[in-house]
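Taking it in order: structure first as structure tokens, then the write-up.
What follows draws every value from the coordinates through simple rules; no lab data is involved. Everything numeric in this text was worked out from a predicted model, so none of it was measured. Note that we place each Cβ from the backbone using ideal geometry, even for glycine, and neighbour counts take in every protein chain shown.
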Amino acid sequence: MTRSNSILQAGTRDIGGGAEQVMMDLHAEYLRRGVDSWVAVGEKHSDSSRVLQIPNDAARSSWARALSSASGRTASSPGRLRMAVARSLLFLSEPVRYAKVLSGMEDFDFPASGDILDLPPSRPDVVHLHNLHGGYFDIRVLPALTQQVPTVLTLHDAWLIAGHCAHPFDCPRWRTGCGQCPDRDMYVPIRRDRSAVNWRTKRDAVRRSRVALSTESRWLMDMVRESGILPDGADSRVIPNGVDTAVFAPGDKAAARAELGLPSDSEIVLFIGRGLKTNPFKDYHTLLDALPVIARARGEKVLLAALGGGPPADLSSLEAVAEVVHVPFASDHGHVARYLRAADVYVHAARAENLPLAIIEAMACGTPVVASRVGGVPELVEDGSTGLLVPPGDPHALADAVTSLLADKALRSAYSEAGIARVQERFTLSLQADAYLTWYEELWLLHAGAH
């Protein structure tokens, strides 16, 4: 695209998990290249003038705003009665909206969704949407939006093809329209089983639109195509995530440990994941169960550094075999890269994944990887070449893989070199941005020709 073209990305928030990081990394790369790039979010946390708040609350009625505000003030004080009153006020603020939610329908009532083209100073030439769940976007405006401007939608999980959940695990019902949901509490949770209605709402919105759809992994694209959600002739592409290899790069391990206050003579295992303690898609507890097995095999205590959340309630059973250091979630890439350089092995235990940035970051830093064989992870980690893959939920297999790497410095070095080469070849931010910018231009030219 030429420098005069403008791109508007939209997502849940500007600081958060993997989907947010992908969006903001692309935004930074576009700006670096001189592209007129903007971001619209449901929740703004940064002070960037190019990140724009989607004014959903301001677009609601004065009645809804007043009662919602009163509900928030009431809920801020403790007490069961106050909470009951707060819920009642919230329901009264928009009774039709919350009646739908209570009936089990997903919340699509975000009235400023259709106005995001008016947020930047000038109308964007291309819109790039990221994950439409997260309480900021009404998927029902997708047909109208895609008529006005070329629109790309990147799926970071399987929510779009399911009745509510971000990952269906082994449930096959997304293939046939959901209904009879086996787990209503899975993120994104619903109150009652209206999963079939939600599935049809999303399917209808996509099939009536002109959206171009991307996924980060072939695994997820296969699911999308099997779901039948794409209209005939829809443009769809697999564009892998990439990382900034100027930041995520090999470095001095001893210096990284000294800077972080980590011991110089310990073997360090690292795990990264936002909300590790409660995240249903990570598998932190399997890693914790593996620590005693690793310690027995190595004949010494294991040091686990866990980035992204507080510890479980009780780690006393591990005190004799492991030291667990918990580090709060950090959005600073340089800080994360230092931990990766300091580690001997990066472990990514998970129950469900798409194409996790943390694994790419580890490989880019030259840290050998042990990961669960789920989702798109095998597209990153070539088992026995750039790292090791293990069955999900198996602490003994995980322990054996970690132990084998800790015991073999030459093997760690081989995986390190192979991982760096693989990232440079396929998973850099520059390559990811190239792919999207080329696609944007193709879509813009097609749209301009059609109008």
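A few points about this structure:
- Where labels lie 7 Å past Cα in the beta-carbon direction, separation of ARG192 and GLN148 in nm: 3.5 nm
- In this Cβ point-charge picture (+1 for Lys and Arg, -1 for Asp and Glu), the chain has a dipole of about 1480 debye about its Cα centre.
- Count of Lys pairs (Cα-Cα under 30 Å; at least 8 positions apart or interchain) in the chain: 14
- Radius of gyration, Dmax [the range 166-273; alpha carbons; angstrom]: 21.2, 60
- Extension gain, THR278 back to ARG225 (0.36 nm per residue minus Cα-Cα distance, nm): 16.0 nm
- Relative contact order computed over the chain (Cα-Cα under 8 Å; 6+ residues apart), in percent: 13 percent
- Normalised size of the range 339-399, defined as Cα radius of gyration per 2.2 N^0.38 Å with N residues, equals 1.00.
- Among beta bridges that DSSP assigns inside the range 253-427, antiparallel share in %, nearest 5: 5 percent
- GluC sites (Glu not before Pro) lying in DSSP loop within the range 281-373, provided at most 14 other Cβ fall within 10 Å: GLU300, GLU319
- Selection among ALA306, HIS396, PRO292 by position relative to the dipole of the range 253-427 gives ALA306 as farthest towards the positive end (Cβ unit charges, Cα centre).
- Stretched out straight at 0.36 nm per residue, the stretch from VAL85 to LEU411 would grow longer than its current Cα-Cα span by 111.3 nm.
- The relative contact order of the range 208-346 comes to 26 percent, based on Cα pairs under 8 Å that sit 6 or more residues apart.
- Where only alpha carbons of the range 315-361 are counted, the Rg and the Dmax (Å): 13.1, 35
- Pairwise centroid distance, computed over Cα atoms, of the range 396-436 with the range 335-363, Å: 9 Å
- Square roots of 5 times each gyration tensor eigenvalue, C-alpha, the chain, largest first, Å: 38, 27, 21
- Semi-axis lengths (Å, descending) of the ellipsoid that matches the C-alpha gyration tensor of the range 75-196: 28, 23, 12
- At full extension, GLN424 and ASP185 could sit 82.1 nm farther apart than now, given 0.36 nm per residue minus the alpha carbon distance.
- Membrane-span-like helices in the chain, defined here as complete DSSP H runs extending at least 30 Å along the helix axis by their C-alpha atoms with mean Kyte-Doolittle hydropathy no lower than -1.0, are 429-450; this is a sequence and geometry rule, not a statement about a membrane.
- Taking every alpha-carbon pair within the range 253-427, the share separated by more than 30 Å comes to 7 percent.
- Dividing the mean sequence gap of close Cα pairs (under 8 Å, 6+ apart) by how many residues the range 253-427 holds gives a relative contact order of 23 percent.
- Where labels lie 7 Å past Cα in the beta-carbon direction, separation of ARG237 and GLU319 in nm: 5.6 nm
- Of the trypsin sites (Lys or Arg not before Pro) found in the range 145-203, those that fall in a DSSP loop while having at most 16 other beta-carbon atoms within 10 Å are ARG184, ARG191, ARG192.
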